[in-house]
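J.: What follows is a single structure, and I will ask about it in a moment.
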Amino acid sequence: MTINKPLVIMFIAVLLILRLSLFPSYVGKGGYSIQEAINAAKTGDKIFIEPGNYMECVIINKSIHLVGKDPFNTVINGGGRGDTFTILSESVILESLIIKNSGGNYSGVYINRTSNVSIVNCVVASCYIGLKVDFSREVYVSNCEIANNTFAAIRVWGTSANITVQNCTLYNNRYGIGLFTYSQGNFVLANNVFNNSIGITLLNSKGNQIVKNHLFNNRYGLYLEDRLTKDNTVTKNQIVNNTYGVYLNIFSQEQTGNLFCLNNFINNTIQVYIEPPFFAYNNWNLKYPLGGNYWSDYTCEDLKSGPYQNVTGSDGFLDKPYYIAPNNMDFYPLLSPYMEQVIRQNERSSIEVQIAVAIVFTIVVYSVIYLMMKKRSHKH
């Protein structure tokens, strides 16, 4: 039997190519490190990391997706030697990993001058900074637990924008989330932030949205500082049992454009403190009838209604404004804690039935009218 040597060579080459492309698919088998797998991977590859304790500081310089196969037992330990992960490329995903022990002034994850990075379902702990974001855009952090970090759970800095932190739990840090130094247009949504020195801080940061977070048992729930901290929206948050609910240290007598509305301020030792002597102008309510905030320490009647609260009849707003500081007043304080209206399933079904009946009724009416008009036209 003759052997076709060119075919054999081509077959071996194909096997080698497949071997190289499949090599980075799994880490933990065969003694390969995460860094070795990344180095061997192609742009866009997905790498599965077997459960285990990986003592590494990893540099990611290509678009890649790292996934821990067991989110409770896949540990990447920086060993106190530097940033546990450094991300320098765009389109990177870290998922289902435990990241810890960066050591010194380093971070669990350092994202530097890049975009389109996602950190999903990870635990980041025992670092100086959990997640550090510098000069980056479109970073998405979701369903993460970030705790016991010396300085901050998440620190955003240097014109970073469109950073989203959503559905995360942040506790036992000095700062829960710090939006610092010209970072703008970021979204902090539906996070639990507690037992930190400062829950969320904005410093020289504008155009951010702080929405539906639960800030509790911090020294400062929310801390805003510097005159360039403006045009931020703080709404639908639960601000509860902090020493200071909101602390404003904005050295300006101008209108800041900061809006605080539909928040529940409950049992904070000091609900809001504004640093004198400037008492910067902030907005504490939407236009009537949308309303302001709920203040657990304020008791007043609700016998009047209307934009000037001078019409007989209650409207869910207390009749007198809630005084905060000079230049700062909530003109429509809520009678009871704000709760977003949610249509329950049975109510939705009932509404859908009513709509369907109305549509059928309309069709029937128009059909009858049409037939009557047609019959009349035949007579003529």
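J.: Give me log10 I(q)/I(0) at q = 0.22 Å⁻¹ for region 181-285, Debye formula, one equal scatterer per alpha-carbon, no solvent.
T.: Rounded to two decimals, the profile gives -1.19.
J.: Two decimals is fine: what is log10 I(q)/I(0) at q = 0.11, 0.18, 0.19, 0.25 Å⁻¹ for region 107-197, from a Debye sum with one equal scatterer on every Cα and no solvent?
T.: Results for region 107-197 at q = 0.11, 0.18, 0.19, 0.25 Å⁻¹ read -0.23, -0.66, -0.74, -1.32.
J.: Sticking with this structure for a sec: Grab the beta carbon distance between Gln209 and Asn327, set R0 = 22 Å, and tell me the FRET efficiency rounded to 0.05.
T.: Working: r = 23 Å, r/R0 = 1.05.
Taking R0 as 22 Å, the efficiency between Gln209 and Asn327 is 0.45.
J.: What number results when the radius of gyration of region 50-109, computed over Cα atoms, is divided by 2.2 N^0.38 Å?
T.: Relative to the rule-of-thumb radius for its length, region 50-109 sits at 1.06.
J.: State the answer as a single residue: which of Leu303, Ile274, Gly291 lies farthest towards the positive end of the charge dipole of region 260-323, with beta carbon charges of +1 for Lys and Arg and -1 for Asp and Glu, about the Cα centre.
T.: Gly291
J.: How far apart, in nanometres, would the label points at Lys42 and Asp226 be if each is projected 7 angstrom from Cα along the Cα-to-Cβ direction?
T.: Those two pseudo-labels are separated by 4.5 nm.
J.: Now for a different question. Using the reciprocal of the averaged 1/r over all distinct C-alpha pairs, how large is the Kirkwood radius of region 254-329 in Å?
T.: Mean inverse Cα-Cα distance, inverted, gives 13.4 Å.
J.: Under Stokes-Einstein, with the Kirkwood radius over Cα pairs standing in for Rh, what whole-number D in µm²/s applies to region 23-344 at 25 °C and 0.890 mPa s?
T.: Details: Rh = 20.7 Å.
Here the translational diffusion coefficient equals 119 µm²/s.
J.: Let me ask another. Which order do Leu248, Leu335, Leu170 fall in if you start with the one that has the fewest other Cβ atoms within 10 Å? All intermediate terms of the calculation are to be shown ahead of the outcome.
T.: Working: Leu248 25, Leu335 16, Leu170 30.
By the 10 Å Cβ count, ascending, the order reads Leu335, Leu248, Leu170.
J.: Another question, if that's okay. Quick one: Thr114, Thr181, fewest Cβ neighbours within 10 Å first, how do they rank?
T.: Least to most surrounded, the residues fall as Thr181, Thr114.
J.: Shifting gears a bit: Lys and Arg at +1, Asp and Glu at -1: add these up for the other residues within a Cβ distance under 13 Å of Ile119 and post the number. Could you put the intermediate results ahead of the total?
T.: Values: positive: Lys132; negative: Glu95, Glu138, Glu145.
Taking every other residue near Ile119 into account, the sum is -2.
J.: Among Lys62, Lys206, what is the fewest-to-most ranking by other Cβ atoms within 10 Å?
T.: Lys62, Lys206
J.: Using the structure shown, list the pairs from Lys236/Lys320; Lys42/Lys100; Lys62/Lys100 with a Cα-Cα distance above 24 Å, or answer none.
T.: Lys42/Lys100
Rule-based calculations on the coordinates, nothing more; no lab input. Treat the numbers as computed from the prediction; the structure is a model and nothing was measured. So basically every Cβ, Gly included, is an ideal-geometry build from the backbone, and we count neighbours across all protein chains shown.
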